[in-house]
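Data first, discussion second: the structure below is written as structure tokens.
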Amino acid sequence: LAAVNGVIYLNDIAQGVITDLNFTIDNQLGGAEVVGQNVIPESLWGNTQMVTGKLTALFQDDVIYNLFNTETTARLIFRMDGTSGDWIQFVFGRVKFNSASIGDAVATGLPLEVEFRALLPTANGVRKSQVVVQTSHLTDP
């Protein structure tokens, strides 16, 4: 994506005041050390995947803050569109905001910063992934 436009959805409603979003995926890879070798011969997936992030928005209304305050989970989608029709999106089926703080940059708007953790969504008792990456490319570009 050379030039990018983006949108963030919370519970499938576009949020127009987001100024920053970042996240980290920790797959909890590990393995047993072997005597006489400097490398682990086989990396194994951990039992859980840890997905955490931070979202910053201009404080416009209490929608985002109330998700934190009421300890309500939400569906978060971050989508980027390129100028040639290419797109990529990250879908967090269920996130919970762990903290919220309002900054004091009055000249540029009040920034609301919330930290989140992706939780395992379930549907009909089946566990699903914490984050799904979708793209317009069906094959390698």
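The values are calculated or read from the model by the stated rules, or taken from the named source; none is laboratory data. This structure is a prediction, so every number in the text was calculated from the model and none was measured. Cβ coordinates were reconstructed from backbone atoms using ideal geometry, including for glycine residues, and neighbour counts include every protein chain displayed. For the accessible areas, the whole protein counts, side chains as well, though only heavy atoms, and no ligand, DNA or RNA atoms are used. Shrake-Rupley method; radii C 1.70, N 1.55, O 1.52, S 1.80 Å.
Numbers at a glance
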quantity: Check on Val7, more than 14 Å from Phe92 (Cβ to Cβ) and modelled with pLDDT of 85 or more; calculated: yes
quantity: Any hit, segment 88-98, residues being aliphatic (A, V, I, L, M), open to solvent by less than 70 Å² (accessible area, probe 1.4 Å), assigned to a loop (DSSP other than H, G, I, E, B) and closer than 24 Å to Asn11 by Cβ; calculated: no
quantity: Where Asn38 falls short, out of the listed (1) open to solvent by 80 Å² or more (accessible area, probe 1.4 Å); (2) at positive phi; calculated: (2)
quantity: Evaluation of Ile77 against (1) under 16 Å from Leu112 (Cβ atoms); (2) in contact with a Phe, Trp or Tyr (Cβ under 9 Å, 6 or more places away or on another chain) (one fails), failing number; calculated: (1)
quantity: Subset of segment 2-31 [on the phi < 0 side of the Ramachandran plot, surrounded by 11 or more Cβ atoms within 10 Å (Cβ to Cβ), part of a loop (DSSP other than H, G, I, E, B) and touching a residue at least 40 places away in the same chain (Cβ under 8 Å)]; calculated: Val17
quantity: Within segment 101-122, considering residues that are assigned to a strand (DSSP E or B) and open to solvent by 30 Å² or more (accessible area, probe 1.4 Å), the one farthest from Thr56 (Cα to Cα); calculated: Thr122
quantity: Every pair of residues 6+ apart whose Cβ atoms lie under 6 Å, when the first sits in segment 111-123 and is touching a residue at least 24 places away in the same chain (Cβ under 8 Å) while the second is part of a strand (DSSP E or B) and aromatic (Phe, Trp, Tyr); calculated: Val114/Phe97; Phe116/Phe97; Ala118/Phe92
quantity: Single condition Thr56 does not satisfy, out of (1) out of contact with any strand residue (DSSP E or B) (no Cβ under 9 Å at 6 or more places or on another chain); (2) open to solvent by less than 40 Å² (accessible area, probe 1.4 Å); (3) polar (S, T, N, Q); calculated: (1)
